[in-house]
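None of the figures in this text is laboratory data; all of them are computed from the coordinates on show. This is a predicted model, so every value here is computed, not measured. Counting neighbours? That spans all protein chains shown, and the Cβs are built from the backbone with ideal geometry, glycine included.
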Amino acid sequence: MSGVWVWIEQVGGKAINVSWEAVGLARSLADDLGQTVIALVFGANASELAHEAFQYGADRAIVCEDATLAEFRLEPYATLVSRLAQERRPAVILAGASSCGRDLTGAVAVDLETGLISDVIGIGWEDGMLKLVRPVYTGKLLAKEICGSSPQIITIRKRAFQAPVVDEKRTGKIETVAAALAEDDIVTKIVSMEASTGQIGLADASIIVSGGRGVGGPNGFDLLWQFSNAIGAALGASRAAVDVGWIDYEYQVGQTGKTVSPDLYIACGISGAIQHQAGIRTAKVIVSINTDPEAPILKTARYAIVGDVVDVVPSLMEAFEKRLG
């Protein structure tokens with residue numbers, strides 16, 4: 001077996017945070033197995049990202065900067081990872097549980113005829129075997145699972161594991177490989193890319209202010225925008241608020257939206273359907289603001305404020321601004 005592999009997902013030449021969290025996890029697994037950590041870095045700026053991966057704990061990096069890998073497309077990425085894995089037989093392949101990470105690992109698992117355990121939030125050794133913890137039944141239970149085939153392919157939930165401390169003195173060996181497919185062999189073509197700007201991403205946010213039907217309408221989200229900006233939080237929403245058109249789908253949190261793991265989640269006017277709770281299950285602290293003292297989300301929340309969002313939030317903003325200066 002040739003080490004613990006980590007796919008470094010990047011956007012615009014910059015790695016996403018969950019990739020470094022995966023490197024930290026890979027480091028601990030590799031140390032337990034007596035193996036090396038190998039970063040898979042493809043696309044633009046790959047060589048520079050490989051050096052950054054060394055600082056986070058990788059020992060080696062396999063790099064490909066071919067133009068076919070400039071942006072993520074499943075066919076060239078999965079074909080290259082599968083080919084390398086068939087040739088070198090890694091013990092474990094790790095990736096973040098992002099949309100791209102899920103696509104890539106699913107395709108590679110099929111190619112390699114091996115198992116895939118996704119959305120992992122905990123890993124440990126029991127009786128000499130690697131056991132993985134992941135939420136099941138919309139987060140109501142945690143399951144311990146074992147992947148009995150090789151390589152073990154795992155995706156990890158964002159912010160479920162801590163990124164390691166950067167060691168700028170660490171270095172490693174870079175190996176450059178050729179792409180697995182030529183451009184003419186790739187069916188998918190990327191015409192253009194549009195990026196959201198001026199807001200904190202839900203996936204990486206440490207604080208999220210989220211609104212539901214209880215905010216009363218689009219004007220209620222204007223208030224939450226002010227609140228989130230005042231405390232440096234990302235803005236989220238329940239499916240109910242999205243379905244009635246008060247806010248765009250990109251802000252939706254829950255089973256059919258984004259799964260988040262912030263340090264603090266403030267749910268404003270959200271009753272807490274099980275699908276929404278599934279998306280916030282791994283938040284460290286949940287605060288609920290709701291007029292209904294029997295709302296389901298209160299079973300998950302650590303703190304509850306019973307009251308109308310339009311009355312409570314301005315008072316909270318004033319208190320936060322005084323405390324934060």
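Between exposed trypsin sites (Lys or Arg not before Pro) in the chain, where DSSP calls loop and at most 13 other Cβ atoms lie within 10 Å, what's the longest gap? All intermediate terms of the calculation are to be shown ahead of the outcome.
Working: sites that count: Lys140, Lys169, Lys189, Lys284, Arg302.
Free of exposed loop sites, the longest segment is 1-139.
Viscosity 1.306 mPa s, temperature 10 °C: Stokes-Einstein D of the chain from its Kirkwood Cα radius, in µm² per second?
Using the Kirkwood radius from Cα pairs, D works out to 75 µm²/s.
Hey, what do the phi angles of segment 259-265 turn into as Karplus ³J(HN,Hα) couplings, whole Hz, using 6.51/-1.76/1.60 and θ = phi - 60°, x for Gly and Pro?
8, 10, 9, x, 6, 9, 10
What list of ³J(HN,Hα) couplings, whole Hz, do you get for segment 302-315 from phi and the Karplus terms 6.51, -1.76, 1.60, once you set θ to phi - 60° and write x for glycine and proline?
Values, residue by residue: 7, 10, 10, 10, 8, x, 7, 3, 5, 8, 6, 4, x, 5 Hz.
Where the convex hull is taken over the Cα atoms of segment 4-185, what is its projected area averaged over directions, in nm²? Mind dumping the intermediate values first?
Values: hull surface 40.6 nm².
That works out to 10.1 nm².
Would you work out the charge dipole size for the chain about its Cα centre, treating the Cβ of every Lys and Arg as +1 and the Cβ of every Asp and Glu as -1, and quote it to the nearest 20 debye? Walk me through the intermediate numbers first.
Working: 28 positive and 38 negative charges, 180 e Å.
With Lys and Arg at +1 and Asp and Glu at -1, about 860 debye.
Which whole-Hz couplings ³J(HN,Hα) result when phi for each residue of segment 165-176 is put into the Karplus expression 6.51 cos²θ - 1.76 cosθ + 1.60, θ = phi - 60°, listed in order with x for Gly and Pro?
6, 5, 10, 5, 8, 6, 9, x, 9, 9, 10, 9
Could you compute the longest span of the chain free of GluC sites (Glu not before Pro) located in DSSP loops and having at most 12 other Cβ atoms within 10 Å, not counting the site residues? Let's see the in-between values first.
On the way: sites that count: Glu113, Glu168, Glu194, Glu294.
That gives 1-112 as the longest site-free run.
Taking amide H atoms as placed 1.01 Å from N in the peptide plane, list the residues 5 or more away in sequence, or in a different chain, whose amide H sits under 5 Å from that of Gly122.
HN-HN under 5 Å from Gly122: Val133.
Hey, which of these cross-link pairs are over 18 Å Cα-Cα: Lys14/Lys169; Lys14/Lys158; Lys189/Lys258; Lys258/Lys284; Lys131/Lys284; Lys14/Lys284?
Details: Lys14/Lys169 20 Å; Lys14/Lys158 16 Å; Lys189/Lys258 26 Å; Lys258/Lys284 16 Å; Lys131/Lys284 23 Å; Lys14/Lys284 27 Å.
Result: Lys14/Lys169; Lys189/Lys258; Lys131/Lys284; Lys14/Lys284 exceed 18 Å.
Distance between Cα centroids, segment 257-325 to segment 211-256: provide it in whole Å.
The two parts, judged by their Cα centres, are 12 Å apart.
What is the Cα centroid distance between segment 119-183 and segment 1-75, reported in whole angstrom?
12
Which whole number of Å³ per residue matches the convex hull of the alpha-carbon atoms in segment 259-325? Could you put the intermediate results ahead of the total?
Working: hull volume 5.5 nm³, N = 67.
It comes to 81 Å³ per residue, whole-number rounded.
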